[in-house]
1. Using 0.36 nm per residue, how much length does the chain from R68 to D21 gain when fully extended, once their Cα-Cα distance is taken away?
2. Over region 7-93, what is the mean sequence separation of C-alpha contacts under 8 Å (at least six apart), divided by residue count, expressed as relative contact order in percent?
3. Build a GNM of the chain with springs between Cα atoms under 10 Å: which of R134, R142, R77 gets the top mean-square fluctuation?
4. From the phi angles alone, apply the Karplus equation (6.51, -1.76, 1.60; θ = phi - 60°) to region 143-158 and give each ³J(HN,Hα) in whole Hz, x where the residue is Gly or Pro.
5. Could you compute the longest span of the chain free of GluC sites (Glu not before Pro) located in DSSP loops and having at most 12 other Cβ atoms within 10 Å, not counting the site residues?
6. Summing Lys, Arg as +1 and Asp, Glu as -1, what charge do residues with Cβ under 15 Å from the Cβ of R142 carry, R142 excluded?
7. Based on DSSP H runs of at least 4 residues, each adding -39500 (n - 2.57), what is the mean residue ellipticity at 222 nm of the chain after dividing by all its residues, to the nearest 500 deg cm²/dmol?
8. Looking at the chain only, what percent of DSSP beta bridges run antiparallel? Nearest 5 please.
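Just so you know, all these numbers are worked out from the coordinates, no wet-lab data involved. Here the structure is a predicted model, which is why all the values come from computation and not from measurement. Here the Cβ positions follow ideal geometry from the backbone for every residue, glycine too, while neighbour counts run over all protein chains shown.
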Amino acid sequence: MVFHESELEHRVSTVIQARRDVRELHSQFPILPFADDDGVVHDHTFDYYVVFEDGYRVAVAVKHARKRTQILDMFDRIARHDFSHVADDLRLMTEEDATYETFYNAHDILRAREHFDEVEYEITRSIAMRLVGRFRFGELLRDCAHIGARRDAVWQLIDHGHLVPLSPGRISALTWLTVPS
């Protein structure tokens with residue numbers, strides 16, 4: 001179970017969960033010490049702890065971009081202590097990393113993963129592989145028996161890298177897609 005103490009944390013965790021290379025995601029871990037300018041030791045609880053498929057471990061702090069300098073200074077202070085027993089890296093994620101567009105795209109990918117339909121996936125993949133150049137997401141929704149299953153199949157093809165959006169931002173029925181070569 002992943003916990004969110006803010007709307008920004010919810011967006012960040014959703015974006016992280018939608019990555020295909022994430023093996024584990026934990027909330028409110030690790031807790032790492034750092035010393036302030038007066039030498040007083042404080043603890044910082046990271047918002048998320050990510051373990052990737054290759055074993056790489058990242059402690060993630062979620063803050064608004066306006067706090068970047070303050071958080072990066074704290075990271076430098078934490079790095080003065082050995083934290084390699086817990087994490088390989090410290091990362092700051094802000095609203096710039098988890099925009100509403102990336103959040104909604106990640107949400108659609110996660111929903112599509114929950115509703116995997118092998119037959120619809122293969123039909124949609126076959127149609128997409130025959131299309132040349134760029135085409136709109138919505139073109140793959142034409143003449144299908146179940147538009148929800150087809151939409152999920154398109155999202156799954158995007159998730160698996162078989163379809164690529166040609167521009168950043170929110171993916172919709174009007175988004176231009178292509179099949180990577």
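1. Stretched out fully, the R68 to D21 stretch lengthens by 14.3 nm.
2. Relative contact order of region 7-93: 28 percent.
3. Among R134, R142, R77, the largest GNM mean-square fluctuation belongs to R142.
4. For region 143-158, the Karplus-derived couplings read 6, 9, 6, 9, 4, x, 5, 5, 4, 4, 5, 5, 4, 5, 5, 5 Hz, x marking Gly and Pro.
5. 97-181
6. Cβ neighbours under 15 Å give a net charge of +1.
7. -11000 deg cm²/dmol
8. Bridges in the chain are about 80 percent antiparallel.
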